[in-house]
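Single-structure report; data block below.
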Amino acid sequence: MTTHPETVLVIDFGSQVTQLIARRVREAGVYCEIAPYQTASEAFGRLRPKAVILSGGPASVPERGSPRAPQVVLDSGVPILAICYGQQTLCHQLGGAVEGGHHREFGRADVEILKSSPLFDGTWQVGGRYPVWMSHGDRVTRLPDGFDVVGTSPNAPFAIAVDEKRRYYTTMFHPEVVHTPDGARLLSNFVHAIAGLKGDWTMAAYRDQAIAAIRAQVGKGRVVCGLSGGVDSAVAAVLIHEAVGDQLTCILVDHGLMRQNEAAEVVDLFRGHYNIALVHVDAGDRFLAALDGLADPELKRKTIGRLFIDVFEEEARKLGGAEFLAQGTLYPDVIESVSSTGGPSVTIKSHHNVGGLPERMNMALVEPLRELFKDEVRALGRELGLPQAFIGRHPFPGPGLAIRCPGAVTREKLAVLRQADAIYLDEIAKAGLYDAIWQAFAVLLPVQTVGVMGDGRTYEHVLALRAVTSVDGMTADFFPFEMALLGRVATRIINEVRGINRVVYDVTSKPPGTIEWE
């Protein structure tokens, strides 16, 4: 990773919304990293942060063996913002008291401001009451020496408690979630007014730092990059090309599971627009033969991943080999893979990164996006000049249409799904809604129903449509289409695509920690 002179360290105690803390800090223009509490001491020494934020978490401080903040952080003198569980463990470690068994509080609450504080300067006034979001069972019952109560709520007497001298600021509520309307301003005040950080971390600065880091890592070596047609690999490839030029060769393994015209669009962008060396491998027959008869989604993923690596490795050898393999790994993937607080990292990694890196390939990884969230990757793409059609492209995981086709995969089913999916996206684009949606796709269900079309009875497939709104893909909610649009989509699909006689719309949401619906 590159070195950032002004960094905030977020110590993760297992909260499902810890990533939102990092996002709010970055939105304030300050670089931020997350480390699980088990490795926080190492991260603190490596990053030398200018401030630390302690996250919430599901544990109970009074329980034996519950997580604690590293003593090195408390001894460092850096400003600390402690949220929910973070407040509880900080107060406990400094000599206060925390008890369970009090009235639990999950949801909206009002905090009354008793005294002024730089934490909410310019936002909240003394005597005012302001909405916040609570999520706690335990609570602090005695503050450590040196702390003052500056905000209170009916079920959290020490809703905001601070030690101005030591620059310790604690909240029982969660400022990082949108349900605390002024929460982002509180976090901005902490990093700017309290920690004194300038807030000059931008995508332009990141671009320059990343290019320098790539050049330092790669030297005169050769790099191969696997393109998938998605935003992440495209941005990574263009960034690496800007750093090392023709030392980079991209390989597009066309596994026959891509969306309509997707492979051609990738080839046109990289060969035409950027003049980046690209090998296009048409391996559809090989992948479909390997998938023949497979119905289990995880087995399909693993088969695609294994074969992808085989084909990729064969093409790399034809190029004479390479010392480096570039991947579009993002920061959420890094967090999941290093966290040991119970995150479903194995499932997540199989979902987002179907290939992996076998030891036999003997290549070092180049991962220039591993510090970025998805929307930051899009911002970097704009900084690099990628066309909006690529920057705004909806995420489409590596297994492609194979996981949009539950059950066995066949050429016929893929053709039906590909055509229906294209119609769906076309109607979304015509309605001017494509950029308002995080991800939209069609799923060909392994179900056939009886229907009547014209004067004949049919027995054909059911197609499910999915569209969600999100910022970073960690949580999502269904997009509230108007029925008229869904009607147009369904009518076109049934009229134009042979093999479908019924269309349904999925309105489930995606809570934190889950993978995509399939």
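Points worth noting:
- Calculated from backbone phi, Karplus (6.51, -1.76, 1.60) coupling profile of the stretch 25-30 in Hz, x at Gly/Pro: 5, 5, 4, 7, x, 10
- Nearest 10 degrees, 0 to 90: helix 411-430 Cα axis against the chain principal axis: 60
- For the residue pairs Lys374/Lys413; Lys115/Lys374; Lys115/Lys165; Lys50/Lys165; Lys220/Lys374; Lys318/Lys413, the alpha carbons lie more than 27 Å apart in Lys374/Lys413; Lys115/Lys374; Lys220/Lys374; Lys318/Lys413.
- Farthest positive-ward along the stretch 359-502 dipole, Cα basis, beta-carbon charges - from Pro387, Ala476, Gly487: Gly487
- Each part gets one Cα centre, and for the stretch 362-411 versus the stretch 242-292 those centres are 13 Å apart.
- Over the chain, relative contact order from alpha-carbon pairs under 8 Å, at least 6 apart, %: 11
- Calculated mean residue ellipticity, 222 nm, the chain: -10000 deg cm²/dmol, from DSSP H runs (n ≥ 4) at -39500 (n - 2.57) each, averaged per residue and rounded to 500.
- With the charge dipole of the chain set up from +1 on Lys and Arg Cβ and -1 on Asp and Glu Cβ about the Cα centre, the Cα lying farthest toward the positive end among the listed residues Val78, Gly398, Leu269 is that of Val78.
- Listed peptides 10-16, 315-321 appear in the order 10-16, 315-321 once ranked by packing, highest mean of other Cβ atoms within 10 Å at the front.
- Less than 5 angstrom separates the built amide H of Asp477 from those of Thr469, Lys510, all sequence-distant by 5 or more or on a different chain.
- With respect to the chain, whose longest principal axis is taken over its alpha-carbon atoms, helix 374-384 is tilted by about 70°.
- On a per residue basis, the chain carries 41 Å² of accessible surface, using protein heavy atoms and a 1.4 Å probe.
- The mean sequence distance of close C-alpha pairs (under 8 Å, at least 6 residues apart), as a share of the length of the stretch 169-291, puts its relative contact order at 18 percent.
- Here the 3J(HN,Hα) profile of the stretch 154-162, calculated from phi with Karplus coefficients 6.51, -1.76 and 1.60 at θ = phi - 60°, is x, 10, 9, x, 10, 4, 9, 10, 9 Hz, Gly and Pro shown as x.
- Unit charges on C-beta of K, R, D, E only; dipole of the chain, Debye: 180
- Proximity of backbone amide H atoms, modeled 1.01 Å from N, is registered between Ile34 and Val10 at under 5 Å, excluding neighbours fewer than 5 places apart on the same chain.
- Helix 483-496 vs. the chain, principal-axis angle (Cα, 0 to 90°, nearest 10): 30
- Computed over all pairs of different Cα atoms, the Kirkwood value for the hydrodynamic radius of the chain is 25.1 Å.
- Highest mean first, the peptides 436-445, 270-279 sorted by other C-beta atoms within 10 Å per residue fall in the order 436-445, 270-279.
- Ranking by accessible area, most exposed first, for Val178, Val253 with a 1.4 Å probe: Val178, Val253
- The stretch 38-79 - charge dipole about Cα centre, Lys and Arg +1 at Cβ, Asp and Glu -1, debye rounded to 20: 120
- Taking amide H as placed 1.01 Å from N in the peptide plane, the amide H of Cys250 sits under 5 Å from that of Cys225, Ala277, Leu278, Val279, each at least 5 places away or on another chain.
- When you count the other C-beta atoms within 10 angstrom of each residue and take the mean per peptide, 199-207, 66-74 line up highest first as 66-74, 199-207.
- Residue-count net charge about Thr303 - beta-carbon cut-off 13 Å; Lys, Arg +1, Asp, Glu -1: +1
- Accessible surface of the chain, 1.4 Å probe: 50 percent of it comes from carbon and sulfur atoms.
- Working from Cα pairs under 8 Å separated by at least six residues, relative contact order for the stretch 19-101 is 29 percent.
The values are calculated or read from the model by the stated rules, or taken from the named source; none is laboratory data. Please read these numbers as outputs of a predicted model, since none were measured by experiment. Using ideal geometry, Cβ is built from the backbone for each residue, glycine included, and neighbour counts are taken over all protein chains shown. Quick note on the areas: whole protein, heavy atoms, side chains included, nothing else; ligands and nucleic acids left out. Shrake-Rupley method; radii C 1.70, N 1.55, O 1.52, S 1.80 Å.
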